[in-house]
1. If I model the range 1-107 as equal point scatterers sitting on the Cα atoms and use the Debye formula, what is log10 I(q)/I(0) at q = 0.10, 0.19 Å⁻¹?
2. Over 25 Å between C-alpha atoms is what I'm after, so list which of Lys212/Lys283; Lys114/Lys212; Lys234/Lys267; Lys212/Lys247; Lys234/Lys283; Lys212/Lys301 land there.
3. Using +1 on the beta carbon of Lys and Arg, -1 on that of Asp and Glu, and nothing else charged, what's the dipole of the chain about the Cα centre, debye to 20?
4. For the chain, would you read off the P(r) tail past 34 Å as a percentage of all alpha carbon pairs?
5. Whole-Hz Karplus ³J(HN,Hα) for the range 44-55, in order, using 6.51 cos²θ - 1.76 cosθ + 1.60 and θ = phi - 60°, x for Gly and Pro?
6. Rounded if a/c is under 1.5, else prolate if a/b beats b/c, else oblate: with a ≥ b ≥ c from the C-alpha gyration tensor eigenvalues square-rooted, which is the range 21-169?
7. Evaluate the charge dipole of the range 173-308 about its Cα centre and quote only its size in Debye, nearest 20, assuming +1 on the Cβ of each Lys and Arg and -1 on the Cβ of each Asp and Glu.
8. If one computes the Cα centroid of the range 266-285 and of the range 173-227, what distance in Å separates the two points?
Amino acid sequence: MSFLTPQDEFIHPVTEEPAWREAFYFDFYDPATTISAFGYAGVHPNQQIGDLIFALWRGDILLARFTRWDFNLPKDIGEDRFTFSPLSFYPVDPFKTVKFAYDDGACSMDVTFKAIHPPYNWADAHGALSQTSSHHYEQQGHYTGTVRVAGENHAINAVGARDHAWGWGNRAGIRRWLWASGQCSNQLAWNSFQITLGDGRDILYGYIFRGKENEFIRSARTATTYGDVGRAPKTLEVALEGRNGSKLSATSHMLNAFSTSFQERNKTGYHYFCFAEYQCEGKTGYGQTNVHWRLEEDRPKEWTVVQP
């Protein structure tokens, strides 16, 4: 049973918590053109601030980028939470079809996302979360549309993920995380999100989707390597076990990397967004790897989290 309703695709009432935020995220990779993109936009009404991250590649070449952590917003911005920046989010058919658009004058994008599975709701997986003001759901699917950059138009036929979150949004105390998702077909997709909180506790979110429903995961084991120059991730191995006994293993290499390290207003440390090519159960798939750590001793390398 999901705590979500179709109305959750739209904006939510703001509480008095100083760190309350509402945010959305998308990513896609097109194997035919090697065009990939991701974006995040978040609003903190009580602080009257907005954030934006956007990046677009062809292969491993960064074609466009936009980052800003200090949009000046009115507290009562309302429906404009989804459209205050060059990146916009438009729900069309809740949990089935949504649109994302971007235009900064140098790069534009107009894509439609169609889901291949029901949304994975964090509160469904962790019942205690449903009693808090923090809410988050995500799903994977297909993206179609167009991108225009450097005077060239690109037709997009891609795979990727998207999410929507609202409520308490203070991430400053988190020591590290590793967020990875992969999609090999309409019947095979997965997600894993390992977190170490400021007090040292590990938390795990994620699912395995095999064409019917999201099986919540109970354990994740990851092994990450990094490049010889710089700190960007290079490869990832992941092994997941679902609560119903399903198992999934995948290996990947990173296709590109985008760093917002030591830039973001609400977190300190290293932070990389990467697209990855996965090998999983004899199939090739694509997805993303998102890694953050504060200090060197926190950097994810060999890491296992088991959910009680």
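Taken together, the values in this text are just the output of simple stated rules run on the coordinates, not laboratory data. All figures in this text were calculated on a predicted structure; none of them were measured in a lab. Note that each Cβ is placed from the backbone with ideal geometry, even for glycine, and that neighbours are counted across all protein chains shown.
1. Here the Debye-derived log intensity ratios amount to -0.33, -1.02.
2. Lys212/Lys301
3. 520 debye
4. So the portion of pairs separated by more than 34 Å is 14 percent.
5. Each residue of the range 44-55 in turn: 10, x, 6, 9, 6, 10, x, 10, 8, 10, 8, 8 Hz.
6. It comes out oblate by the Cα gyration axes.
7. 180 debye
8. About 11 Å separates the Cα centre of the range 266-285 from the one of the range 173-227.
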